[in-house]
Amino acid sequence: MQSTRPVGLSLCTSTSGPPCVVALSGTLDAHSQVEAERFFQSLVATGATRVVLDCSQLDFISSAGIRAFILLIKLVRPIGGAVSICAAKPHVRQMLEFTGLQTLLALSDSVEQGCAALAQERSPN
Amino acid sequence: MSTTEAVALFLVGLVFFFLGLDGVKASLRGLASRSMRRRAQAAVASPLRAAILGITFGALSQSATAVAFLLSSLVSARLLPLSRALVVVSWANPGTAILAFLAAINLNLATLWIIGLTGLSLRHRKLKPIHTLLGALLGIGFLLFGLTQLKRAATPIQEAEWFATVSIALNASLILGFIAGALLRVVIQSSSAIVVILIALCGKGLLGVEQAMMVIHGTGVGIGLSVILLGQGLRGEALRISYWQAILNACSACVLAVWLLFAATDMMPSLPKLLSIASVSVETNLAIGFTLQMLLCPLFGRMMQSRTDAILTKLAPEAAEDELARPRFLDEGAQSESEIAIDLVLREQARVVGALPTLLDRARLDTAGRGTLAATDVKVALESLNNEIAGFLADLTAQEVDHAGGVQVAATIARQQALIELVEAVDGIATTVARLPDESTARMIGGGLVEATDVLLGTLQEWLERRDPADQEFLAAMTADRGAQMESVRRGSATLDYGSASDQANLLYATSLFERTVYLARRVSDVPATTESSLA
């Protein structure tokens, strides 16, 4: 099953925001978890508080990847921020739903919906 | 007995030996309560007691190999501390020698009685409370029966003509005799039986007393080889006992062999020569040589005492599952303050939760997330650790505490019960999902449940360790009731192409186990869950 998945993760900030839109593509697993976490940490360090994760090109996510998302939420929530996960492929979305974190991860069908959802959130302090 | 029969008997012996070993291990784990440990540790409280126990074990089992493996099981079940077990092992060696010459018990008959009586007793419902003990005894019976069959399988060797020819050839070289002794001990599995054969060969004039003595010394190395060969599946502390037995026997054998070699150059008198001055018979001569060799084992044990730990840790590093099975925070003094005791239990419970993701490894979609430990070893270690925690809490309830303390203890016991069930549920998910064929839709969904379980367990561990409010919020969402969500998966699996009926059944079962895991995680966390409707 692993062999059919593309190896590696690519992260890029397509819109600096707010909200900041980050496009993820490839595989977010135990191999790429650290890379993703570092990226999110540096993103928050540069001032991003509302983050939209565009997962339309994300082919696979494992528990390690979900932990990276949880870290991002833990980083932005204390500073009044929020995270929205958008356009996830059905199997990625199902995996996220299995965790029971759909409310905290704010799942949206498209990047536009995700941005709109975050716009409704109150401004950071 | 034909060669084919002997080989078959040898294999049967090996099978019974390993069956017995597994049976003893499993039963001792069931017996490993804190009170049982206190009793076992009292039996070896001083080096003298440990020595007496060792001699008794050796005398009764008549096998240094059997004693080494029995003690490995006791140490694995944490009934005996390794340091004391090593003393018992070293003294078991002279124990085997004493009985071989003074009062030969019919071990075969005793073994048959043990197997017969314990086997039949196990079928008796009224004896259910002592089934674990009976299981341990049956395991010992199988282990000894296996060793007896291994010895019996070697009988044709003694009767073969070539054996007499080889024996005569041994007269040409003491070194050859030493090697032959080592090999014979591996095959025959009884040093005392070898001594009896040697006495017969000396009596027929086929072998000189000094050559026979060298063969006896060779058996010391053979004991070590046997223990290491039969202990291939052992790890950590259990393996250290095998190595210890091997080292002690090899040291004592080599020292006596070197003495005999020096004596051959007329630099000093040999032991047989010294004994012959006292006009002892060949039988007694060899018996004394063997007993001396066995007595040197505890002596070497004593001499190496200060370096034992360093040597054995290098040879057999602590297995990760041993480290996991050993409580890190619970000790006898920890129960004095109930509040502190509860906090320590919580830390220990967090360790159990922290190790649970390893059980999921075999069913993960993310192969990169797999650890190196075997799930079966981790499960056994977690069962052992859970027993320790439950025993600690049982002792805590016996203490007088105020009402608030009592409520806290009761809540912790309830959490512990949920934790024990959580181990089973998580193991069940992994086992069930791992049965699904790779690349199938069912496997992908099952794998999703496994990955989600991993996230849940990771968050639960962090919550138990740090009590961070952020984790509480995540945990509340994660442990919300999943009845409707899983029902939706089950409905989907019945309508789409989810593989064979067996695959569908496995996926259905996995969803039920997942629901249970979520529920148990909530009970372990004590976090009030958000309602499922709020997640929709």
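Quick note: the coordinates plus some simple rules give every number you see, no bench work behind them. This one's a predicted model, so the numbers in the text were calculated from it and none came from an experiment. Every residue, glycine as well, gets a Cβ built from its backbone with ideal geometry; the counts of neighbours run over all protein chains shown.
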Rg and Dmax of the stretch B:428-499, using alpha carbons, in Å: what are they?
-> 14.8, 44
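Report the FRET efficiency, 1/(1 + (r/R0)^6), for B:E161 and B:S276, where r is their Cβ-Cβ distance and R0 is 35 Å, rounded to 0.05.
That gives a FRET efficiency of 0.70.
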Once label points are set 7 Å from the Cα along Cα→Cβ at both B:S512 and B:E439, what is their separation, rounded to one decimal in nm?
-> 3.1
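Most exposed first by the Cβ proxy, i.e. fewest other Cβ within 10 Å, how do A:T27, B:T291, B:T397 rank?
B:T397, B:T291, A:T27
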Treating the Cα atoms of the stretch A:2-120 as identical point scatterers in vacuum, please give the log10 of the normalised Debye intensity I(q)/I(0) at q = 0.16, 0.21, 0.23 Å⁻¹, two decimals.
-> -0.65, -1.19, -1.47
Theoretical ellipticity at 222 nm over chain B - DSSP helices of four or more residues, -39500 (n - 2.57) apiece, nearest 500 | -26000 deg cm²/dmol
Translational diffusion coefficient (Stokes-Einstein; Kirkwood radius from C-alpha pairs) of chain B at 20 °C, 1.002 mPa s, in µm²/s | 81
Cα pair distances of the stretch B:333-456 binned at 10 Å [whole percent] = 13, 38, 25, 16, 8, 1
Pairs of Cα atoms under 8 Å, at least six residues apart: use those to get the relative contact order of the stretch A:2-120, whole percent.
-> 24
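Assuming a viscosity of 1.306 mPa s and a temperature of 10 °C, what translational diffusion coefficient in µm² per second does Stokes-Einstein assign to the stretch B:403-533, Rh being the Kirkwood radius over Cα pairs?
Translational D for this selection: 102 µm²/s.
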Which of B:V166, A:V83 comes first, and how do the rest follow, when ranked by fewest Cβ neighbours within 10 Å?
-> B:V166, A:V83
Given a Förster distance of 25 Å, the FRET efficiency implied by the Cβ-Cβ spacing of B:E465 and B:Q232, rounded to the nearest 0.05, works out to 0.10
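Taking 20 °C and 1.002 mPa s as the conditions, I'd like the Stokes-Einstein D for the stretch B:167-274 in µm²/s, using the Kirkwood hydrodynamic radius from alpha carbon pairs. Provide the component values of the computation, followed by the final result.
Numbers: Rh = 14.2 Å.
The calculation lands on 151 µm²/s.
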Magnitude of the Cβ-charge dipole (Lys and Arg +1, Asp and Glu -1) of the protein assembly as shown about the Cα centre, nearest 20 debye, reported as 1600
Please count, across chain B, the pairs of lysine residues with Cα atoms under 28 Å apart that sit 8 or more places apart or on different chains.
-> 9
Write out the trypsin sites (Lys or Arg not before Pro) in the stretch B:142-237 meeting two conditions: DSSP loop, and at most 12 other Cβ atoms within 10 Å of their Cβ.
-> B:K204
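About the Cα centre, and with charges only on the beta carbon of Lys, Arg (+1) and Asp, Glu (-1), how big is the dipole of chain B? Nearest 20 debye, please.
Details: 42 positive and 46 negative charges, 354 e Å.
Approximately 1700 debye in magnitude.
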Normalised per residue, the volume inside the convex hull of the alpha-carbon atoms of the protein assembly as shown in Å³ amounts to 214
Running Debye on the stretch B:275-360 with equal point scatterers at the Cα sites and no solvent, what base-10 log of I(q)/I(0) appears at q = 0.18 Å⁻¹?
-> -0.93
In terms of the charge dipole of the protein assembly as shown, which places +1 on Lys and Arg and -1 on Asp and Glu at the beta carbon, the residue among A:S10, A:S25, B:W91 farthest towards the positive end is B:W91
Distribution output for the stretch B:3-315: share of Cα-Cα pairs per 10 Å bin in percent, first bin at 0, values 6, 27, 34, 22, 9, 2, 0
Listed with the fewest Cβ neighbours within 10 Å leading, B:T96, B:T372 appear as B:T372, B:T96
